[in-house]
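The values are calculated or read from the model by the stated rules, or taken from the named source; none is laboratory data. The shown structure was predicted, so the numbers you read here are calculated from the model rather than taken from an experiment. Neighbour counts run over all protein chains shown; Cβ positions are idealised from the backbone, glycine included. Ligands, DNA and RNA are excluded from the accessible area calculation, which covers all protein heavy atoms including side chains. Shrake-Rupley method; radii C 1.70, N 1.55, O 1.52, S 1.80 Å.
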Amino acid sequence: MVIWLVHSNVTLVLVLMGLTAVGGGATLTAANATIAELVDYAEWRFGDRAEGAFTSLAAFAAKAGAGLGGAMVAYTLAFTGYVGGARQSEQALDGIVFAMTLLPAAVLLAGAAVFLAYPVTRELSERVAAELAERRQEALS
C-alpha cells in the first residue's frame, strides 16, 4: 500500500519491492512451518497423522492462488484498457499501479484475516509436541 502512495518515485518503489520480496520469502518459510505444526495438531486432536493430505492441500492452494492471482491481474489490466506493446493510457497506467499495489495488499489482508481463526498458539504447539512425544514413547514401550 505504501508503494501505491509513492509510485512516482521509481528508486523508492524498487527498494520497497525488494523489501516486499524478502517478506515474501519469509512467508513461504512460515507457511511450511505452519503445515508441520498443523500435521502435529491434527494428530494430537484426531489421532491420525496426515502429512500427505496437508502437503497436497497446500500445493493445491498455492497453485490455485497463483492461477487466481494471475487472472485477477489480467482482468484488472483488461478492465483498465491495457494494450500490449502500445503506449498506455492514463487509465491503463493506473490499472498497472493498482495491480502491483492495492490488489495484492487486499489479497494479503484477506489472507491475514484467515489467521485470526488459527487455533494453534505457541503454548498449544509446545503442549502438542510434548504430548505427542509422550504418546510415541508409550507406544514404543
- Task: Could you please report the charge total around residue 32, scoring K, R as +1 and D, E as -1 over all other residues with beta-carbon less than 15 angstrom from its beta-carbon?
- Result: -3
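Quick check for you: with a 1.4 Å probe and neighbouring chains kept, what is the accessible area per residue of the range 33-141, in Å²?
Details: 7680 Å² over 109 residues.
Per-residue accessible area for the range 33-141 comes out at 70 Å².
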- Message: Using each residue's phi in the range 5-15, evaluate 6.51 cos²θ - 1.76 cosθ + 1.60 at θ = phi - 60° and report the 3J(HN,Hα) Karplus result to the nearest Hz, with x for Gly and Pro.
- Response: 5, 10, 4, 7, 9, 4, 4, 5, 4, 5, 5
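Return the calculated 222 nm mean residue ellipticity for the chain, to the nearest 500 deg cm²/dmol, obtained by summing -39500 (n - 2.57) across DSSP H runs with n ≥ 4 and dividing by the residue count. Spell out each step's value before the answer.
Details: 6 runs with 113 residues, N = 141.
Rounded to the nearest 500, the figure is -27500 deg cm²/dmol.
When ranked by the protection proxy of mean other Cβ atoms within 10 Å per residue, highest first, what sequence do the peptides 89-95, 116-122 form?
Numbers: 89-95: 14.6, 116-122: 8.9.
The densest-packed peptide leads the list: 89-95, 116-122.
Per the 1.4 Å probe, what fraction of the accessible area of the range 33-141, in percent, lies on carbon and sulfur atoms?
On the way: 5040 of 7680 Å².
Percent of accessible area from carbon and sulfur atoms in the range 33-141: 66.
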- Note on the structure: Given [x] 27, 15, 14; [y] 43, 16, 11; [z] 25, 18, 17 as possible values of semi-axes √(5λ) of the Cα gyration tensor in Å, the one from the coordinates is [y]
